[in-house]
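Read the structure below first, then the notes.
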Amino acid sequence: MIPNDIKITPELVAEHGLKPDEYQRVLDLIGREPTFTELGIFSAMWNEHCSYKSSKLWLKTLPVEGPQVIQGPGENAGIVDIGDGLAVAFKMESHNHPSFIEPYQGATTGVGGILRDVFTMGARPIAALNALRFGDPEHPKTRHLVAGVVAGIGGYGNSFGVPTVGGEVNFHPRYNGNILVNAFAAGIIRTDSIFYAAASGVGNPIVYLGSKTGRDGIHGATMASAEFGGDAEEKRPTVQVGDPFSEKLLLEACLELMKTDAVIAIQDMGAAGLTCSAVEMGAKGGLGVELDLDHVPCREEAMTAYEMMLSESQERMLMVLRPGKEAIARAIFEKWDLDFAIIGKTIEPKRFIVKRHGDVMADLPIMELGDEAPVYDRPWVPTAPAAPIDPADIPLPASIADTLMTLMGSPDLCSRRWIWEQYDHLILGNTHQRPGGDAAVVRVEEGPKGLAFTLDVTPRYCEADPVEGGKQAVAEAWRNLTAVGATPLAVTDCLNFGSPERPEIMGQLVGCITGMAEACTALAFPVVSGNVSLYNETSGEAILPTPAIGGVGLLDDFTRSASIAFKADGEAILLFGETRGHLGRSIYLREIQGREDGPPPPVDLAVEKRHGDFVRRLITQDRVSAVHDCADGGLIVTLAEMALAGDRGAEISAIPGELPAHAALFGEDQARYVVTCPAETADQLLADAEKVGVPAMRLGTTGGATLTISGHDPIYLETLRSCHEGWIPDYMADWIED
């Protein structure tokens, strides 16, 4: 008989995030009332964060295969071949709810968790990025959240010793009650030394490694699968506490042990802690697991089985070892001053058995806990099309120069230097392109290979048209990699949405995944890992749909990558791609006209591929000196960013098409790149573009101390830089911690 001294009531079931029909499924599955510990285990394994029960049907529509793919979704991280016996492992995950409740620790443990996902595969982390979404800058909590999250990311990454090389930061009132903190990490691994989570062999020892278990983070995964009300502060105890120095020791110990033949399977203890890691290892291997919690290292007194199984204390690993190798593993972990304990074994019956003080606290079917959790086909409705916008109906600005200054000093387009200078982006000595460009570039070992990394999504597009927004997010990531000269390899994603129980929100999720799948297929850009974060809403108001895309690309020679900076005076400035003056959902429309309406710019994936492939060839042939894709703010913002990066102005003598100036300059048409080249080679580049069907034109010439658009007032770079660099430092200077 399993002891159970806590009565299971409907209220207790609801507190554990299980719906009545799900609890009935539990009863039908095990044929009895669950114990309190078993209820906690079901709660952890069947929540959205661990089971993907609302998104799994649609995630299966994403393309996940390609000749470069070694490991797709389903493991701790995706792995892609980069040649010469090497591969890159990478993944992105969310830590949204914890970061809103306790921004510093929420962000640190988000970084720590994604780093563990990478080195669990056997990879040494080489780069970290992050995608952050905050609320209205005028909201009273926004400064506090920005300060805490940025400090947490820097504090963990800098101490652990991995460079934070890129990312994105945006502000919108829809994130007031639910910020987004999406963390990305990548590492290098040998293709003959990859480790997986699936257990194998009956009777093999299961060992606990790393830091001790405490009461922090209990119900963290369940909390991440529920919307906020007015009780966010009460959930502070569910936020984990990270220790980057312990994680560094754990990394080195794990990689050292992996060089032996001792490891059969490995899984980090992330969401749902010991429960999820043990169940996933067993279920993936088609085996049962038996744990004796009396042997789990604890840092707090009298912890119950329930607390130990649901704790999300950080810097912990679970491994299945080869019999007879325990002494080798113990010696390595004790050398690194980390806990090592044999806490269980694999068993033939497909059961998950948990013991404490000689009593069986849980005895459950392991497959139904793991691979066979509930899967829902939730009702959904498509987003209604937005009414089109005619640029002629949108007022012209009084001054193009003043408008550009306003945009370049706005929260979404201003410099992020204040943020990324708090991150160590040069540690390890392999960062070739720093934050601030289209994509970060990091050398692989001693070179010459390099990897490019980028994160991108435009939530305002996704809300207006989820399908086009999903396509654009993938296409933008693909362009960012292309713009530095990298061949795009694969994608990881972090799909952040509101409650899937609302058909209109579920429709956003379905639409974005549909668009992503179409773009990933057309661009041969498969999805190899990712994360879904749902219930991102507070008191019924959902965030903007935010399917963040992490793209990874390969350069044969990192030294030949392109950057956005104008390099020399007198060079020709060319535009590749067609400008139609699309202003719907543009930054111009929002910041200058105070409107957030219209459809997003359409994405033609065949055009994207043709234009991107052409630009990438120019880079690899050393025919262009600077490259920048056109995105938020349109052509003039692209030119301004290139001028500021190179501290060199430009004379723009022609603008595209028979369009009003604001449409031509601020329109956010897709599949466009601005490049520079020696003046004497410009005509040949234009001719080559025409041969392959890429629209192209010469815009002007680099040089001087101003950015001058023909027919408009000159914009002095010194003034523009002051405006662009000043917003975040000035904003954060007013912040005082309560």
Dipole magnitude of the range 13-58 about its Cα centre (Cβ charges: Lys, Arg +1; Asp, Glu -1), debye to nearest 20:
160 debye
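What length, rounded to one decimal in nm, is gained on full extension from Lys335 through to Asp84, with 0.36 nm per residue of separation minus their alpha-carbon distance?
87.1 nm
Taking a probe of 1.4 Å, how large is the accessible area per residue of the range 376-464, in Å²?
44 Å²
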With bins 5 Å wide starting at 0, give me the P(r) of the range 372-478 over every alpha carbon pair, in whole percents.
2, 8, 10, 12, 15, 15, 12, 9, 10, 5, 2, 0, 0
Sum of -39500 (n - 2.57) over DSSP H runs of 4+, divided by residues of the chain (222 nm, nearest 500)
-10000 deg cm²/dmol
Rel. contact order, % - alpha carbon contacts under 8 angstrom, at least six apart, the chain
15 percent
Select from Val80, Gly187, Val111 the residue farthest towards the positive end of the dipole of the range 73-188; place +1 on Cβ of Lys and Arg, -1 on Cβ of Asp and Glu, and compute about the Cα centre.
Val111
Treating only Lys and Arg (+1) and Asp and Glu (-1) as charged, each at its beta carbon, one finds that the range 473-560 has a dipole about its Cα centre, in Debye to the nearest 20, of 180 debye
Beta bridge orientation in the range 266-373: antiparallel %, DSSP, nearest 5
75 percent
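At R0 = 56 Å, how high is the FRET efficiency between Glu718 and Leu428 if r is their beta carbon distance? Nearest 0.05 is fine.
E between Glu718 and Leu428, to the nearest 0.05, is 0.95.
Which value in Å is the Kirkwood Rh of the range 507-634 over different Cα pairs?
18.1 Å
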Please identify which residues in the range 412-435 have an amide N closer than 11 Å to a label point set 7 Å out from the Cα of Met732, following the Cα→Cβ vector.
416-423
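Explain nothing, just the number: dipole magnitude of the chain about its Cα centre with +1 on each Lys and Arg Cβ and -1 on each Asp and Glu Cβ, in debye rounded to the nearest 20.
It works out to roughly 1300 debye.
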Could you look at the chain and say what percent of its accessible area is carbon and sulfur, using a 1.4 Å probe and all protein chains?
51 percent
What's the Cα-based Rg to Rh of the range 66-208, Rh via Kirkwood?
1.06
Per residue value of the accessible surface for the range 628-697 (all protein chains in place, 1.4 Å probe), Å²:
32 Å²
Arrange the peptides 37-46, 556-565, 9-18 so that the one whose residues have, on average, the most other Cβ atoms within 10 Å appears first.
37-46, 556-565, 9-18
Hey, if you put +1 on the Cβ of every Lys and Arg and -1 on every Asp and Glu Cβ in the chain, which of Ile342, Leu404, Met317 ends up farthest toward the positive end of that dipole?
Ile342
Subtract the Cα-Cα distance of Arg322 and Asp390 from 0.36 nm times their separation in residues, and report this length gain in nm to one decimal.
17.7 nm
Label assignment, mean projected area of the Cα convex hull in nm² derived from the structure, set (i) 43.0; (ii) 29.9; (iii) 41.5
(ii)
Computed E for Lys259/Asp371 - FRET, C-beta separation, R0 30 angstrom, nearest 0.05
0.45
Spin-label model distance (nm) - Ala606 vs Arg417, 7 Å beyond Cα toward Cβ:
4.5 nm
With the 1.4 Å probe rolled over protein heavy atoms, the range 30-86 has an accessible area per residue in Å² of 34 Å²
For the chain, with +1 on Lys and Arg beta carbons and -1 on Asp and Glu, the positive-most of Ser277, Met258, Gly358 along the dipole
Met258
Show me the chymotrypsin sites (Phe, Trp or Tyr not before Pro) within the range 676-738 that DSSP assigns to loop and that have at most 15 other Cβ atoms within 10 Å of their Cβ.
Trp735
What does the charge add up to near Gly515, with Lys and Arg as +1, Asp and Glu as -1, over the other residues with Cβ less than 9 Å from its Cβ?
-2
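The values are calculated or read from the model by the stated rules, or taken from the named source; none is laboratory data. If you're wondering where the values come from, they're calculated on a predicted model, not measured in any experiment. Cβ coordinates were reconstructed from backbone atoms using ideal geometry, including for glycine residues, and neighbour counts include every protein chain displayed. Surface accessibility is based on the protein's heavy atoms, side chains included, excluding ligands, DNA and RNA. Shrake-Rupley method; radii C 1.70, N 1.55, O 1.52, S 1.80 Å.
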